[in-house]
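A.B. asks: Handing you this structure, nothing more for now.
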Amino acid sequence: MPTLTEQQREEIRKYFLKHFRSWEESTGHKQTITAFAEYLNIPQPTVNRWMRGLNPPSGDNLHLVALKLRDDAIYTILDEPKPDFLPGDILRPLAQLIQYFPQEHRQLIRDAIVNAIEKIYNNKTTNSEE
């Protein structure tokens with residue numbers, strides 16, 4: 001794991017705090033880091049370390065975070081190249097079709113696409129650990 005500068009640590013903290021608050025607001029009530037970790041589908045201790053700027057997300061978790069939060073700024077913060085291709089890229093053409101669905105169904109479809117992407121990563125991680 002590369003050594004982080006203090007500026008990177010602060011930017012990581014800001015990145016996750018911004019997204020935590022945005023997610024919390026979208027739920028309509030106060031939330032916990034544990035609930036945010038469940039939303040991200042990442043273990044709570046890992047998310048806690050990220051939110052404190054102690055460790056950065058890396059590997060598949062880095063890609064999952066960028067996809068789930070719909071914000072690839074984390075690559076810039078960590079001075080990591082944004083991948084040219086992610087397993088989720090297969091589903092991006094479907095995401096472009098969302099505009100043709102009724103407004104009331106769009107979020108449901110977006111969530112289904114994000115869940116499919118997460119399953120691709122989780123299966124990849126599970127299969128590579130065996």
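A.B. asks: Sort 75, 15 by Cβ crowding within 10 Å, fewest neighbours at the top.
C.D. replies: Lowest count first: 75, 15.
A.B. asks: Contour minus end-to-end for residue 118 and residue 103, with contour as 0.36 nm per residue of separation and end-to-end as the Cα-Cα distance?
C.D. replies: Length gained between residue 118 and residue 103: 3.0 nm.
No value in this document is a laboratory result; all are computed from the given coordinates. All values reported here derive from a predicted model rather than from experimental measurement. Ideal geometry is used to build each Cβ from the backbone, glycine not excepted, and the neighbour counts take in all protein chains shown.
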